[in-house]
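Below is one structure, written out as structure tokens; the observations come after it.
The values are calculated or read from the model by the stated rules, or taken from the named source; none is laboratory data. Because the structure is a prediction, the values reported are computed rather than measured. Using ideal geometry, Cβ is built from the backbone for each residue, glycine included, and neighbour counts are taken over all protein chains shown. With ligands, DNA and RNA removed, areas are computed over all heavy atoms of the protein, side chains included. Shrake-Rupley method; radii C 1.70, N 1.55, O 1.52, S 1.80 Å.
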Amino acid sequence: MKVSDLEALGYTRETKKEMEDYEIKAGYTGDLLSDVMANAPSDSVLITIQAHKNTIAVATLAGIRAILVCNKRAIPSDMIEAAEDNDVALFKTAETQFEASAKVAKMMG
Amino acid sequence: MGSVNNLLFVNDSHEVILESIYTVRVKEAMNSNPMHVAPEDTMRTAKNIMKENGLSGLPVVDGARLAGILSLYDIMACYDNGSMDDKVSKYMSRDVILLEEDMPISFAINYFNKFKFRRFPVINKNKELTGMITARDLTAAMLNNINKQLQKYDKLNMRLSDPDPADIRSDTVIYRQFIVHKYDFENAGKVTSEIKKILKERGIKQSIIRRVSIAAYELEINLVVHSDGGVLIFQLLPDAIMIKTQDKGPGIPDLEKALTDGFSTASEWIRSQGFGAGMGLPNVKRVSNDFQISSDITGTEVKIKINLGNEEDESK
């Protein structure tokens, strides 16, 4: 699937900057940044509730293309800025990590 | 120094200032036991307290928990549309921007820049009001801390900015030294990004870059979360990558525990940010070909090596 397919699943895009519509090959669900850093595959979407700037740092280092923030967590503006600066697409949803993971996994097939 | 490249620092502001921004907690700067009213108090009571104490904002406390905040605007709205016998709960704002007492004051500075309010309520982890903080409180706490820091600054600065010649191998291709500050969550990960960039430019294999990134990130975060600040030294050698971190304390009381998966001494606030899961050092060890750690009360030193050679031969 592509990054833009996350919108098709009903998720709200928080980053407004034009970015390349990367291919997403995998997904990873987790809130512990060390765990994400060590185990998230590259070219992936991260499903998490960690809505702050440090998540973007980890995503950039691990090659994560998109982040989906679950559970209606408020996204601070400095997180959106950091995401745009580093070309990481940022989305939000009211769904839980479990629901979102199931939907994204289904779309990936 | 021959092959040593220019030293690159993460942040060029004066160390003492940065140190106080990241090490002083909101708790130490705030005004404890602030004046407050209850939701069922009258607006007249609130107005009198604000007038007598020269306050432009008053927290509203229900039991011990913060229920809202009352501003001069709310008092004015009451004058215009209601009666001073009305209850505070009718006018107070329930949408309160607040600080937690364990946060470093860098957060408070950020809030004063971001929001127009002149004071913020401070809560503890049970969501109970424990203080109020103004810009004046912040300045006072910082000056106080800077004074203390200055006394020991000269010695520490020397130790951090002079590379130890014994650390630099004669065949070093690239040498970089980065200073990392305690509680500098704003910049956490920037050193690792810089290292990743260097390796990418050099055409290092993706799988090696990932291992180096994991090790560098965990070591960098350890300096931010657990140390009193320190330095991260990166060296690219013809056959390997070496990373060394050295901090100013306080040291690891039990090294064996620190190397155990899941063991962590991080505070609740740090854990809520997704750190402190007890995976840091074990992760570093797992991706390194060589791992050495030593620690006492003057500081901790970690040295790791990741070989550039054929990965299949190596323990992962």
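In table form, for the structure just shown:
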item: Within region B:109-133, tally of residues that are outside any loop (DSSP other than H, G, I, E, B) and either open to solvent by 50 Å² or more (accessible area, probe 1.4 Å) or modelled with pLDDT under 90 (or both); result: 8
item: Lone unmet requirement of (1) at pLDDT 90 or above; (2) open to solvent by less than 10 Å² (accessible area, probe 1.4 Å) for residue B:249; result: (1)
item: Where residue A:75 falls short, out of the listed (1) farther than 30 Å from residue B:263 by Cα; (2) open to solvent by less than 40 Å² (accessible area, probe 1.4 Å); (3) more than 14 Å from every other protein chain (Cβ to nearest Cβ); result: (1)
item: Residue match in region A:92-103 (condition: crowded, with 24+ Cβ neighbours inside 10 Å and of a type outside the set (Lys, Arg)); result: yes
item: Residue within region B:42-50 that is open to solvent by 30 Å² or more (accessible area, probe 1.4 Å), touching a residue at least 12 places away in the same chain (Cβ under 8 Å) and in a loop (DSSP other than H, G, I, E, B) present; result: no
item: Strands (runs of 3 or more DSSP E) wholly inside region A:1-76 containing at least 2 residues that are not hydrophobic (A, V, I, L, M, F, W, C); result: A:26-29, A:44-48
item: Count - residues of region B:170-223 that are within 11 Å of chain A (Cβ to nearest Cβ), hydroxyl-bearing (Ser, Thr, Tyr) and open to solvent by less than 30 Å² (accessible area, probe 1.4 Å); result: 3
item: Single residue of B:173, B:180 found to be out of contact with any helix residue (DSSP H, G or I) (no Cβ under 8 Å at 6 or more places or on another chain), on the phi < 0 side of the Ramachandran plot and among the aliphatic types (A, V, I, L, M); result: B:173
item: Subset of region B:22-60 [of a type in the set (Val, Ile, Thr) and in contact with a Gly (Cβ under 9 Å, 6 or more places away or on another chain)]; result: B:23, B:26, B:60
item: Residue among B:262, B:278 that is within 12 Å of chain A (Cβ to nearest Cβ), open to solvent by less than 50 Å² (accessible area, probe 1.4 Å) and not in a helix (DSSP H, G or I); result: B:278
item: Residue that is farthest from residue B:40 (Cα to Cα), among those in region B:56-72 that are in a loop (DSSP other than H, G, I, E, B) and in contact (Cβ under 8 Å) with a residue 24 or more places away in the chain; result: B:56
item: Residues of region A:27-54 that turn out to be open to solvent by less than 40 Å² (accessible area, probe 1.4 Å) and within 14 Å of chain B (Cβ to nearest Cβ), as a count; result: 18
item: Total residues in region B:73-93, condition aromatic (Phe, Trp, Tyr) and either surrounded by fewer than 14 Cβ atoms within 10 Å (Cβ to Cβ) or in a helix (DSSP H, G or I) (or both); result: 2
item: Every residue from region B:294-311 that is closer than 20 Å to residue B:221 by Cβ, open to solvent by 40 Å² or more (accessible area, probe 1.4 Å) and either in contact with a helix residue (DSSP H, G or I) (Cβ under 8 Å, 6 or more places away or on another chain) or without any contact (Cβ under 8 Å) to a residue 60 or more places away in the chain (or both); result: B:294, B:301
item: Residue satisfying all of: in region A:78-91; more than 15 Å from residue B:217 (Cβ to Cβ) and surrounded by fewer than 20 Cβ atoms within 10 Å (Cβ to Cβ); farthest from the other protein chains (Cβ to nearest Cβ) among these; result: A:84
item: Residue, least open to solvent (accessible area, probe 1.4 Å), within region A:12-26, restricted to residues that are hydroxyl-bearing (Ser, Thr, Tyr) and under 20 Å from residue A:77 (Cα atoms); result: A:15
item: Top-ranked residue in region B:176-201 [being of a type in the set (Ser, Thr, Tyr) and at pLDDT 90 or above; ranked as farthest from the chain's Cα centre (by Cα)]; result: B:193
item: Every residue from region A:55-68 that is more than 7 Å from chain B (Cβ to nearest Cβ), among the small types (Gly, Ala, Ser) and in contact (Cβ under 8 Å) with a residue 24 or more places away in the chain; result: A:59, A:62, A:66
item: Residues of region B:221-256 satisfying the condition of being touching a Lys or Arg at 6+ places or on another chain (Cβ under 8 Å) and in a helix (DSSP H, G or I); result: B:223, B:224
